[in-house]
Each structure stands twice: as structure tokens, then as C-alpha cells.
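> Take this structure, written in C-alpha cells, and hold onto it; I'll ask about it next.
The values are calculated or read from the model by the stated rules, or taken from the named source; none is laboratory data. What you see is a predicted model; the values in this text were computed from it and never measured. Heads up, the Cβs are rebuilt from the backbone with ideal geometry, glycines too, and the neighbour counts pull from every protein chain shown. Surface areas here come from the heavy atoms of the whole protein model, side chains and all, with no ligands, DNA or RNA. Shrake-Rupley method; radii C 1.70, N 1.55, O 1.52, S 1.80 Å.
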Amino acid sequence: MIKEIELRNWKTHGQTKLVFQKGVNVLIGIMGAGKSSVMEAISFALFGTFPAVKQRRVKLENMIKSRPSREEEAEVKLTFLAGNDEYTVTRKITASGGTTARLDKNGAHFQSQPIRVNEEIAGVLKVDYDTFARAVYSEQNGLDYFLSIAKGDRKKQIDGMLGLDQFAAAEENCTSLINSIKSATGGEESVLSGMDVASLNRQLEKAVSEKDASAKELAALKEREAAAKSELKEMGDAIEEGRKRYRKKEELSKRVAEIEAKVQLLSGEIMKAEEKVRGSDEASLKRRLEESLAEEKKLIKEIDDLELENRKLTKIVAGEEASLKNNERMASEKKALEGQVSGKDSDALARRLGAARGELDATINKIALNRGRLSDIEGSIKELERHLAKCPVCERELGPELSERLISAKRKALETLKVEIAGDEGDAERGRASVKKAEDEIAALSLAVNRMKDYEGVEKAIEAGMARLSAAAEALKKSSVQIERKKRDLEHAREEAQGYRSGADLYKRIAEHKEQVSEYSKLSAESKRDAEAIKITQGEIDALQGSFAEKGASLAKTSATISGIEKQVGSLQENIESLVKQIDGIKEMQQRLERRRALAKNLSLFKSSLIETESFLRGRLTQSINSLMQGVWPELYPYSDYTNLRLSAKSDDYALEAGMQSGPGEEWVQIDAVASGGERSMACLAMRIALSMVVVPNLRWLILDEPTHNIDSTGISKLINVLGDTLPKVVEQVFIITHDDDLKQIASAKVYQLDRDKGQGGPTSVSEL
């Protein structure tokens, strides 16, 4: 049940709230008062659209209130009950055409995306927008919608509402699949008719036999090939071993030649060395070498001692030079200090300082006294300026004129005193500078006198230092001369030692060479014996190489034969696999054909079942619709021309038919062919009620916009009785949009009057009647 709806800036509604009841709810008002827009708002709240938008007759943003001024957004808020739950859906439209949605369940947020809100509501109500728009919501002048559309579309839409469109789709899919299977089956049957399976089997047997024979021959050849490879390997190993032994023999011969060359070279060097040492003996050379080395060591020790003494003297000379330089600097500073104190009297400087300090103190005291007087004068002026009747000093009565003269005189005295104080402050500053200058001169004089005491005796120190420096320099010179002489003696001793060392080295080298010659001679004899023991020639190796080449050529021929047979076996195997594949393909195709034939047969049976089921369900549904219409029709139709009403299902259409008495029987005619406009509207209203109850039995809502269109007063009277008495028994909630005041008479209906000042573009106003 729809509980209430709130509209804000929706079409002509500024702020409207409507509370609905179970049973009949009537919205009545003049054209353009905003009645139909309430029903559009209900559809929009539930599904986010309504017929005018769906059919693109209006844009959604056009629903925003635009008079007397354009608003930025519109809002619809709908509350409805489903089962034991209360749902509130709120949707907004912005001027740019954007929309938002929010769904609350029992006061708590439930969903907020527009598409998800649509899905949730469709699930709760168990009805989608298309079914709602066709079975529940009849737009203004849209009662006869199903009579006005083409018969193909009418059958498609009614089947869709009744849920029968799925059978038609399934039948089409079955037919398409059966045709596809038949097409595929026909092609494969054509292929199979040209296949000779027996011939393929014979070819396969022949190929297998040939492959087996080639395989046996190939095995025998591979065995021979393996034996030849083994023999060839042994021959190769023998050749390699012979080459190694022959290379070893050549290496030994080469080694003997090299050793003999070295022996010859060493013998020549021995002869040359013995020639050089002829006339001397080795013991005498060694003794003289030892004496020369001892003399060399003694001279090195003496040079080291002299150089140590030389370094000491160098340090003494450097120290004396530095001391002399320092004393000369002190003498120069002493002379400068004597120039500074010359002609200066410390007592006179002290007296000058005392005088400057006295003058400064007197000036400072004068400034302090004048500042006190200045303060007193300023105080007197302040007292006089207060217009006191008495003199602040003598308490004499003062008149205004006298008071002014006193103030003027004191101000002049004040200015004079300020000038005097400024001059005294300048004198004080200059006095401080004089005191500071005298203090600095006394301090500088005192420092110079004290430093001169530190420089007493510096002239004598210079004299003594020059004497020490001269003695040390003379000693350093003598030491340097001795070191040079000793170094020349050391050089001579080293030359003698080198001569004796060379002779001793020759004797040593002769002995070493003789020992080497003995060792090389032994090694040469051993190498000759090893070379003679190796019994192989190059001819023997060449003979082995020839046999190896013959065996290799024979093996290559066998390998080539094996390769050819292997290719033949491979080709046979490929042929066998191809034949097996063809035979297996034929078998698979035969099995597939059997499966497809069985599937086509089953699909044909299934299609027949679908057709029968669709026909049965269509009959049951139209029977239910007709039963409801036949119950409602006598209540709606006030005349006797048409005694009954039914929806008849044709092969390609649905027809709304009326029953007429014709003799003893009843004749059925299509309502749109014989009925007046009012009778047509009555029949469509009956069909609307029946469709709503059959298609959406769980919802039990009906929305009728201007249902009295084309109905005369007698028909309207009957309609009022049906809406007030009969319809609420089968429909839970009915919404009627009308401009007809007669519909206010519907029993137990909740009636809202909607008004609007259209001339001024005013908003819709609502009142409950």
C-alpha cells in the first residue's frame, strides 16, 4: 500500500504532501491543476521514470518547477508498505538532468545508487516498470491503450505481461537450434557418403606390414654399425697412443740436443773465468776482501760519529743565530721605548688628570642642580595652569592677568635653563674625553717604563752571543772538512773491496759451472737411453691411419643406409597415423551424426511440449482474466446491448470481444468494431482491472487517469458504484485522477481537491474534502 507522497518543486507543486488510504483515493481538479503529475511522481519514485519520459515526450529536468521562477532541483518522497516493512524512497532531479536516489527500510538507510534502488523496489513489489506501466498505471486517455496498438505489438505486450513471451523465445531458439543441427547433419552425411572405410583399412594393413619389415632390417644394420664403431674406436685409440709415444721420442731427442748445447756453453765460460784468475789464489783474494770490508766498516763508523757531531754543531749555530736575532729585536724595541718616554713627566700628567676630573665633577653637579630647578619650575607652571586663586609659593591671592604673567615668565626661565643644561652636558662630555685621554697617556707611560726594565743588559748579551756564534761556526766548518775526507777514504776502500769480491766471485762461478756440467751430462745420458727404448716409427703410424680411414668409410656407408631406412620408416609411420586419423575421424563423425539426430528428435519433442504448455497457460490466464471481467462487467455497464465481455486469444493477436444475445445463443463481436466510445472505455476499464489482478496479484494497485472519458452520465453513475462498492473488494488501493465532480460521490473515498491560479503561474494547492 502507498502510504504518502511528498512533492517539492515538482512540475506545478511547490510543497505538497498527500496521505493515502486503503481503498479509493480521488484527486479532483481543473485541467493543469497538477493531478496527473502526482501519478507521474508515484511512478518516478518507484522506478525512476514514467511513461512520458520513457516515450521521450518530455525530459526529466522539465519536471522541475519553472513558474513563477526556475528552481534548481525537484524532489519526490514516497512511503509505501510491503509485507511487514515500511519503505521510503527519495529521488531528486537537478537542473542539469542528474538524479539521485535513496531507499530507507523501517527508518534505516538501505540503498543509495539509483539503479540499485530500482532493483530493490522491483524485488520488493515483485513487478518491474514495464508491467507496472501496462497493468497498473493507466495514463490520461490511455484506458484503450491495448485497443489502439497494432495486433502484433498487442500480442507481444500482453504475452509479456502474462509471462508467455518466454515460451515464444524458447520456441524460436528450439527451431533455430533444430535447423542448425539439420544443416550440420546434412553436410556430414554428404561427406560420409564419399568415404571408403574398407579401402582405408586395407591401406593401413599394408603400411603396417612394410613398416615392420623395414624395422627388422634397420635393427640388423644398427647392430653392424655398433660393432664397426667399437672397432673403429679401438683403432683410433691405438693411433693416438702411437702418436703420443712418437712425440715423446722426439721430445727426448730434442732435450738431449739442448743439454749438450748448454754443456758446451758452460765449458766455454769456465775457460774464460780460469784465464782471468790465473796468477792468483782464492785464499789470498778472500783474505784481502775481508781486510777491505773491515776498513770500510771502520770508516763508516767514523763518518757516522763526525756527522753526529756536525748535526750538534749545526743546532748550536742555529740556536745562537736565533738568540742573537731576538736580542737585536729587543735592543731595537728598547730604543723605541726610550724615544716614547723621552721628555715626558709623570707628575705633570697626574696633575693634569686631577684638574680634568675636578672640572668634570663641577659640571656634573651643576647639571644636577639645574635639573632640580627645572623640575621646580615645571611644577609651578602646572600649579598656575590649574587656575588656582592663590600663589603656590606665598599663597597670595592671584588674578587672571597676574597668573598669566607669572606663567609666561616661568616658561621663559624654563627655556633658558634648558639651553644652559644642554651646554653643560656638552661640557661634561668633553670633560670625560679629557679625563680619558690623560688616563690613557699615564697608562702608556707606565707600561713603557716597565718594559724598558725587561730590556736591561741586552747589549752585553748581543756581544757574548756573537762570540759564541763565531766559535761554533768555526768548529762546524772543521767538522765538515773531516767528513768529506773520510768519505773519500771510504770510496777508495769500497773500490778495493769490489775488486777482491769480483775475483772471489769468479772462483765461485767456476765451481758452480763445473757442477752444472756434471749434472747435465748425467741427464743427457738418461734421455738418450729413454729415447732408444721407444720402438715406433712414423711409417707404422701412417699404416694404422690408412686402416682407420678404410674402416671409417665403411661405417659411413652403413650409417647412410640406416638413415635412408629410418626416413622410409618415418614416412610409413606418418602414412599410418594419417590413415588412423582418417578412420577415427569417420568413426567420430558417425557417432556425432547419431548424437545430433537424437538431439534434433528430443528438441522437436521439447518444442511440441513448449507449444502445448504455452497454449494451456494462455487458456488458463485468459480464463482467469475473463472470469474477473465477467464479474465486473455487469456492475460497470448500465445497458443490455452487451451482456458479457471476454479476452480472446488468436494465433497472432488478442481480441477484446463483447457478447450479444442472438436468438437462443450468444454472439461474440470485437468491441472496437461495434461499441461506442463510452462502451469502449467501459470495456477497457474492465480489462484493466482484470489484467491488474491476474498479472500482479500481490500488488493489488490500480491507477486510473480520467476514467470517465467518453462515458455518459448513466455509465458514470454505475462506475461510481463499482469504484465505491465492488472494486475495493478485489483491489487494495485505487488512485483516480479526474476533473469530474461526480466522482466525489464514491463511497468511503478519500478525496483531495487540487487548485491552482494558472493565470499567475501559481503553485498547486491541495485541500482534503
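> Could you tell me whether region 218-230 includes any residue that is of a type in the set (S, T, N, Q), free of Cβ contacts under 8 Å to residues at least 60 places away in the same chain and either within 28 Å of L544 (Cα to Cα) or part of a helix (DSSP H, G or I) (or both)?
Looking for residues that are of a type in the set (S, T, N, Q), free of Cβ contacts under 8 Å to residues at least 60 places away in the same chain and either within 28 Å of L544 (Cα to Cα) or part of a helix (DSSP H, G or I) (or both), one finds at least one in region 218-230, hence yes.
> Of the residues that sit in region 1-25 and are in a strand (DSSP E or B) and more than 51 Å from the chain's Cα centre (by Cα), which one is surrounded by the most Cβ atoms within 10 Å (Cβ to Cβ)?
Only one residue fits best here, namely V24.
> Also: Anything in region 173-213 that is exposed (fewer than 15 other Cβ atoms within 10 Å of the Cβ) and polar (S, T, N, Q)? List them, or say none.
N173, T175, S176, N179, S180, S183, S190, S193, S199, N201, S209 - these are the residues of region 173-213 that are exposed (fewer than 15 other Cβ atoms within 10 Å of the Cβ) and polar (S, T, N, Q).
> Take region 151-172 and flag every residue that is of a type in the set (G, A, S) and either open to solvent by 70 Å² or more (accessible area, probe 1.4 Å) or in a helix (DSSP H, G or I) (or both).
G152, G160, A168, A169, A170
> Would you mind stating whether E309 is in a helix (DSSP H, G or I), in contact (Cβ under 8 Å) with a residue 60 or more places away in the chain, open to solvent by 60 Å² or more (accessible area, probe 1.4 Å) and closer than 30 Å to L476 by Cβ?
yes
> Say we look at region 609-626 and pick out the residues that are free of Cβ contacts under 8 Å to residues at least 24 places away in the same chain and open to solvent by 60 Å² or more (accessible area, probe 1.4 Å); which of these is farthest from the chain's Cα centre (by Cα)?
Q623
> When you check T726 against the structure, is it in a loop (DSSP other than H, G, I, E, B) and on the phi < 0 side of the Ramachandran plot, yes or no?
no
> Taking the options K650, K601, name whichever one is open to solvent by 60 Å² or more (accessible area, probe 1.4 Å) and within 60 Å of the chain's Cα centre (by Cα).
Going through K650, K601 in turn, the sole match is K601.
> (1) open to solvent by 60 Å² or more (accessible area, probe 1.4 Å); (2) over 30 Å from S547 (Cβ atoms): which one isn't true of I259, the others all being true?
Single failed check for I259: (1).
> What residue, of L723, L656, L754, L743, is closer than 30 Å to D165 by Cβ and surrounded by 20 or more Cβ atoms within 10 Å (Cβ to Cβ)?
Only one candidate qualifies: L656.
> Next question, about the same structure. Checking E338 against (1) surrounded by 11 or more Cβ atoms within 10 Å (Cβ to Cβ); (2) modelled with pLDDT under 85; (3) under 30 Å from D424 (Cβ atoms): exactly one of these is not met. Which one?
(3)
> Something else: Out of the residues in region 730-751 meeting the condition of being touching a Lys or Arg at 6+ places or on another chain (Cβ under 9 Å) and assigned to a strand (DSSP E or B), tell me which one is modelled with the highest pLDDT.
Within region 730-751, the match that is modelled with the highest pLDDT is V751.
> Cβ-Cβ under 6 Å, sequence separation 6+ or interchain: first residue in region 231-258 and under 22 Å from Q516 (Cα atoms) and in contact (Cβ under 8 Å) with a residue 24 or more places away in the chain, partner open to solvent by 60 Å² or more (accessible area, probe 1.4 Å) and in a helix (DSSP H, G or I). Which pairs?
The qualifying pairs are L252/D530; V256/K528.
> In addition: Quick check on my filter: what residues within region 729-740 are farther than 18 Å from V19 by Cβ and either touching a His at 6+ places or on another chain (Cβ under 6 Å) or open to solvent by 30 Å² or more (accessible area, probe 1.4 Å) (or both)?
Those that are farther than 18 Å from V19 by Cβ and either touching a His at 6+ places or on another chain (Cβ under 6 Å) or open to solvent by 30 Å² or more (accessible area, probe 1.4 Å) (or both): K729, V730, H739.
> Go through S66, S37 for me and flag whichever is among the small types (G, A, S) and outside any loop (DSSP other than H, G, I, E, B).
None of the others qualify; the one that does is S37.
> What residue, of E404, E395, E415, is open to solvent by 100 Å² or more (accessible area, probe 1.4 Å), in a helix (DSSP H, G or I), at pLDDT below 85 and over 30 Å from G339 (Cα atoms)?
E404
> Can you name the number of the only condition in (1) under 25 Å from T764 (Cβ atoms); (2) touching a residue at least 40 places away in the same chain (Cβ under 8 Å); (3) not acidic (D, E) that Q55 fails?
(2)
> Counting just the residues of region 663-675 that are open to solvent by less than 60 Å² (accessible area, probe 1.4 Å) and of a type outside the set (V, I, T), which one comes out modelled with the lowest pLDDT?
Filtering region 663-675 for residues that are open to solvent by less than 60 Å² (accessible area, probe 1.4 Å) and of a type outside the set (V, I, T), the one modelled with the lowest pLDDT comes out as G665.
> Tell me which residues, restricted to region 543-562, are without any contact (Cβ under 8 Å) to a residue 40 or more places away in the chain and among the aliphatic types (A, V, I, L, M).
A543, A549, A553, A556, A560
> Quick one: which of F110, F132 is at pLDDT 85 or above, over 23 Å from S37 (Cα atoms) and of a type in the set (F, W, Y)?
Within the list F110, F132, the selection yields F110.
> Another question about this same structure. Has region 681-701 got at least one residue that is over 60 Å from the mean Cα position of the chain (by Cα) and open to solvent by 20 Å² or more (accessible area, probe 1.4 Å)?
no
> Looking at I534, I565, I541, I583, which one is within 30 Å of G194 (Cα to Cα), hydrophobic (A, V, I, L, M, F, W, C) and in contact with a helix residue (DSSP H, G or I) (Cβ under 8 Å, 6 or more places away or on another chain)?
Answer to the check: I583.
> Now for a different question. Considering each residue of region 233-261, count those that are touching a Phe, Trp or Tyr at 6+ places or on another chain (Cβ under 7 Å) and over 16 Å from K528 (Cα atoms), and give that number.
3
> Quick one: which of N201, N118 is in contact (Cβ under 8 Å) with a residue 24 or more places away in the chain and within 30 Å of E577 (Cα to Cα)?
Matching residue, one of N201, N118: N201.
> Can you tell me which residues in region 38-75 are modelled with pLDDT of 90 or more, open to solvent by 90 Å² or more (accessible area, probe 1.4 Å) and touching a Gly at 6+ places or on another chain (Cβ under 9 Å)?
Answer for region 38-75, where residues must be modelled with pLDDT of 90 or more, open to solvent by 90 Å² or more (accessible area, probe 1.4 Å) and touching a Gly at 6+ places or on another chain (Cβ under 9 Å): just K59.
> Moving to a separate point now. Name the residues in region 347-371 that are under 17 Å from E415 (Cβ atoms) and open to solvent by less than 90 Å² (accessible area, probe 1.4 Å), would you?
Residues satisfying the conditions are I367, N370.
> Scan region 448-467 for residues that are in contact with a helix residue (DSSP H, G or I) (Cβ under 9 Å, 6 or more places away or on another chain) and assigned to a helix (DSSP H, G or I) and jot them down.
Those that are in contact with a helix residue (DSSP H, G or I) (Cβ under 9 Å, 6 or more places away or on another chain) and assigned to a helix (DSSP H, G or I): A448, V449, R451, M452, D454, V458, E459, A461, I462, G465, M466.
> Just one of (1) open to solvent by 60 Å² or more (accessible area, probe 1.4 Å); (2) touching a Phe, Trp or Tyr at 6+ places or on another chain (Cβ under 7 Å); (3) of a type outside the set (G, A, S) trips up Y639, so point out which.
Unmet condition: (2).
> Can you work out which of the residues in region 93-140 that are of a type in the set (S, T, Y) and in a loop (DSSP other than H, G, I, E, B) is farthest from M693 (Cα to Cα)?
S96
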